[in-house]
Amino acid sequence: MRRMPRPRALVTGHTGFLGPFAVAELSASFDVTTVARSGGDLQADLSDPTAATAVVAAVQPDFVLWLAANARIADCERDADAARRINAEAPSRMARGLGPRFVYVSTDLVFDGRAAPYAPLDATGPLSAYASTKADGEERVLAEGGRVARLPLLFGADRAGRGATAMVRNALARGEPLSLFTNEYRTPIHCRDASRALAALLPQTGGPRIVHLGGPERVSRWELGQMLCLVHGLPTGLLRPAECQDPLRPRDVSLRSEFACRELGEMLADS
Ligand SMILES: NC(=O)c1ccc[n+]([C@@H]2O[C@H](COP(=O)([O-])OP(=O)(O)OC[C@H]3O[C@@H](n4cnc5c(N)ncnc54)[C@H](OP(=O)(O)O)[C@@H]3O)[C@@H](O)[C@H]2O)c1
């Protein structure tokens, strides 16, 4: 019996922290093509005004999952125009003509942190250049008929040591003290759970235009660090509670989300 061809999914930014988890989950039901500057099935600087449309023309994807970003807060402050090119202009160019088959991955940081927990249709109020370029990206993609999936703080076992829990584990392994904010609240999620949800969301073109994929619990960075140590039997003596005073970081961007994921403790055990 002949097998039905699988839908083609294009994933941008697969070489980042979330990318490998997303590609692994999507590969179960899609033929995945990847693109980033440093390699993949295709290599392209998507900030280049012609690149996004050229990649779509070459791949002819049924669906696009847009992960590519300049997600470094300090870099975006230094050069907001460059950040806007990759975080807002490039995804809106790629979204053109794809409608709801294009999903733009965004961040809880588009909110100002004064009215948590946030529902998908709540007003945004970005505080930093990063958040502002992501909010701009959301608007432009929605104007093209695309969809937005907002993610919270991510963690997960990562060889390059990226993510909220790797930072804690690496500092403890080096025997260095680590300050963790007691007044910055998020709804963190493991990259694997976020990726499963994104893979399920991608083909649901008739669903809501904006979706929140927050984790199951509202916790501060400090609480997350303590829970991680408890789950893995690590000493907590090097963790130091600290107050965040940074005006660019919202204090509470917990997300209201409606989807099934693992308990926070189970996710932390896997990181
Ligand atoms: N990490 C988090 O906690 C978090 C939380 C909420 C939302 N998000 C969102 O989730 C997405 C993935 O985040 P992440 O942490 O995986 O980001 P990341 O580790 O910084 O990875 C960014 C990816 O974008 C690619 N990229 C950057 N500039 C590019 C360009 N000009 N052309 C083509 N590709 C480019 C990078 O690859 P090359 O350098 O090889 O080009 C890399 O693959 C982002 O959209 C981010 O805003 C992340």
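The values are calculated or read from the model by the stated rules, or taken from the named source; none is laboratory data. Remember, it's a predicted structure, so these values are computed and weren't measured experimentally. No Cβ is skipped: glycine too gets one built from the backbone with ideal geometry, and neighbour counts run over all protein chains shown. The accessibility values were calculated without ligands, DNA or RNA, using every heavy atom of the protein model including side chains. Shrake-Rupley method; radii C 1.70, N 1.55, O 1.52, S 1.80 Å.
Remarks
- Taking Cβ atoms as reference points and 15 Å as the exclusive limit, the residues near GLN60 contribute a net charge of +1, counting Lys and Arg as +1 and Asp and Glu as -1.
- Mean Cβ count within 10 Å, highest first, over the residues of peptides 110-120, 175-185, 124-134: 124-134, 110-120, 175-185
- Annotation: peptides 99-108, 230-239, ranked by per-residue average of other Cβ atoms within 10 Å with the highest first, follow the order 99-108, 230-239.
- For the stretch 53-60, backbone phi angles converted through the Karplus equation (6.51, -1.76, 1.60; θ = phi - 60°) give residue-by-residue couplings of 5, 5, 5, 5, 5, 6, 8, 6 Hz, Gly and Pro being listed as x.
- Helix 129-143 and the longest principal axis of the Cα set of the chain meet at an angle near 30°.
- Cα long-axis angle, helix 221-232 against the chain (0 to 90 degrees, to the nearest 10): 80
- Amide H to amide H, with H built 1.01 Å from N, VAL148 comes under 5 Å of TYR104, ILE210, VAL211, counting only residues 5 or more places away or on other chains.
- Förster radius 35 Å - calculated FRET efficiency between ALA28 and ALA82, Cβ distance, rounded to 0.05: 0.50
- For SER47, the amide hydrogen comes within under 5 Å of no other amide hydrogen, counting only partners 5 or more places away or on other chains and with H modelled in the peptide plane.
- Helix 191-201 and the longest principal axis of the C-alpha atoms of the chain enclose an angle of approximately 30°.
- Residues with amide H under 5 Å from that of THR107, placed H, sequence gap 5 or more: LEU151
- Convex hull volume of the C-alpha atoms in the stretch 76-124, normalised per residue: 94 Å³.
- For ALA199, the shell of other residues with beta-carbons less than 15 Å away shows a net charge of +2, using +1 for Lys and Arg and -1 for Asp and Glu.
- Carbon and sulfur %, accessible surface of the stretch 142-181 computed with the full protein complex present, 1.4 Å: 50
- Over 22 Å [Cα-Cα, the stretch 98-255], rounded percent: 45
- Whole-number percent relative contact order across the chain, with pairs defined as alpha carbons under 8 Å at least 6 apart: 20
- Evaluated at q = 0.06, 0.10, 0.15 Å⁻¹: base-10 log I(q)/I(0), Debye formula over Cα of the chain: -0.18, -0.50, -1.11
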